[in-house]
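Shown next, in structure tokens, is the structure this report addresses.
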Amino acid sequence: MTIELLPFPNVLGFLALFCYILTLLPTNLRIVIPASKKTKIPKRLLQNRRLIGLISFLLALLHGWLLIRKQNFDYLDPKTYWVYFQGVASFIVFTILAITSNDWSVKRLKKNWRKLHSLTYFTMFMVTWHIWAKMAEHWSSFTLIGLSSMGFVILLYLKRRYLEYKANQVKTKQQTTPRKSLSQTSV
């Protein structure tokens, strides 16, 4: 049995991915798997979500910086940006989320803060595409673990969205159904 050694930048990318997944789990677990509340795992992850997200951002920053240094990118070539679009787009969103992951931003942005931070779900798909595109030529067990983990989180998220949609339909139906008055119900 051989042990796969990943280049250090890839290890950082994998750790960033792991931390990112931890930020996505709490809400999805609580809604899709209500029994998970008993374990208190979603609550603990939720309490530390900002810190974990910032750690993920810093690991992703180091991952990108080391790879950029290693590969000597041509910043004037538009093809460079197209080839690395998923990573760059994800990093831009992560930067915005990291900058606004503080109490001051929550107070200042109010309801818009939640909308802004929902960009993380868009990024979830971009990160998956990034892993797929960049690791397609040199798969490892870490690639499989990363893609499988992201696939699981995406399925949890889609199930959550479906459950929220169904709950909203029921709520809307209850609000639009006229209620019978007391005189109509007593015969």
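The values are calculated or read from the model by the stated rules, or taken from the named source; none is laboratory data. Since the model is a prediction, treat every value here as computed from it, not as a measurement. Glycine also receives a Cβ, built like all others from the backbone with ideal geometry; neighbour counts cover every protein chain displayed.
Search the range 22-67 for residues being out of contact with any Cys (no Cβ under 9 Å at 6 or more places or on another chain), in contact (Cβ under 8 Å) with a residue 12 or more places away in the chain and among the hydroxyl-bearing types (Ser, Thr, Tyr), and hand back the single one that is farthest from LEU97 (Cα to Cα).
Top of the filtered list is THR27.
Please specify each residue of the range 124-145 satisfying the condition of being in contact (Cβ under 8 Å) with a residue 60 or more places away in the chain and under 13 Å from the mean Cα position of the chain (by Cα).
The answer is MET124, VAL127.
Out of the range 129-176, which residues are exposed (fewer than 12 other Cβ atoms within 10 Å of the Cβ) and either among the small types (Gly, Ala, Ser) or under 21 Å from VAL83 (Cα atoms) (or both)?
Selection gives ALA136, GLU137, HIS138, TRP139, SER141, SER148, GLY151, ALA167.
From TYR75, TYR81, which residue is assigned to a loop (DSSP other than H, G, I, E, B), more than 30 Å from GLU164 (Cα to Cα) and hydroxyl-bearing (Ser, Thr, Tyr)?
Working: TYR81 fails: assigned to a loop (DSSP other than H, G, I, E, B).
Of TYR75, TYR81, the one residue that is assigned to a loop (DSSP other than H, G, I, E, B), more than 30 Å from GLU164 (Cα to Cα) and hydroxyl-bearing (Ser, Thr, Tyr) is TYR75.
Quick grid of which residues meet (1) out of contact with any Ser or Thr (no Cβ under 6 Å at 6 or more places or on another chain); (2) part of a helix (DSSP H, G or I):
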residue: LEU6; (1), (2): yes, no
residue: LEU29; (1), (2): no, yes
residue: ARG50; (1), (2): no, yes
residue: GLN86; (1), (2): yes, yes
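Name the pairs: first residue in the range 74-88 and under 23 Å from PHE125 (Cβ atoms), second residue of a type outside the set (S, T, N, Q) and assigned to a loop (DSSP other than H, G, I, E, B), Cβ to Cβ under 9 Å, at least 6 apart or on different chains?
Final answer for the pair search is THR80/PHE73; THR80/ASP74; TYR81/TYR75; TYR84/PHE73.
Per-residue answers, yes or no, for (1) exposed (fewer than 15 other Cβ atoms within 10 Å of the Cβ); (2) under 17 Å from the mean Cα position of the chain (by Cα):
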site	(1), (2)
GLY64	no, no
ARG69	yes, no
VAL83	yes, no
VAL88	no, yes
VAL93	no, yes
LEU116	no, yes
TYR121	no, yes
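Within the range 146-162, can you find the residues that are aromatic (Phe, Trp, Tyr) and within 13 Å of the chain's Cα centre (by Cα)?
Start the filter on the range 146-162 by keeping residues that are aromatic (Phe, Trp, Tyr), which leaves 152, 157, 162.
Scanning the range 146-162 gives PHE152, TYR157.
Suppose we filter LYS171, LYS166 for residues that are assigned to a helix (DSSP H, G or I), at pLDDT below 90, under 26 Å from PRO26 (Cα atoms) and charged (D, E, K, R); which single one remains? Let's see the steps before the verdict.
Numbers: LYS166 fails: at pLDDT below 90.
So the residue among LYS171, LYS166 that is assigned to a helix (DSSP H, G or I), at pLDDT below 90, under 26 Å from PRO26 (Cα atoms) and charged (D, E, K, R) is LYS171.
Based on what the data block shows, is THR95 within 20 Å of ASN48 (Cβ to Cβ) and among the β-branched types (Val, Ile, Thr)? Reasoning before the result, please.
On the way: within 20 Å of ASN48 (Cβ to Cβ): no; among the β-branched types (Val, Ile, Thr): yes.
Answer is no for this residue.
For the structure I just gave you, tell me whether LYS70 is of a type in the set (D, E, K, R), touching a residue at least 24 places away in the same chain (Cβ under 8 Å) and assigned to a helix (DSSP H, G or I). Talk me through it step by step, then tell me what you get.
Working: of a type in the set (D, E, K, R): yes; touching a residue at least 24 places away in the same chain (Cβ under 8 Å): yes; assigned to a helix (DSSP H, G or I): yes.
So LYS70 fits the description; yes.
Among the residues of the range 98-111, what is the count of those that are more than 13 Å from GLY53 (Cβ to Cβ) and either within 13 Å of the chain's Cα centre (by Cα) or surrounded by fewer than 12 Cβ atoms within 10 Å (Cβ to Cβ) (or both)?
Residues in the range 98-111 being more than 13 Å from GLY53 (Cβ to Cβ) and either within 13 Å of the chain's Cα centre (by Cα) or surrounded by fewer than 12 Cβ atoms within 10 Å (Cβ to Cβ) (or both): 6 in total.
Report whether or not LEU29 is modelled with pLDDT of 90 or more, crowded, with 16+ Cβ neighbours inside 10 Å and over 25 Å from GLY87 (Cβ atoms).
Values: modelled with pLDDT of 90 or more: yes; crowded, with 16+ Cβ neighbours inside 10 Å: yes; over 25 Å from GLY87 (Cβ atoms): yes.
In short, yes.
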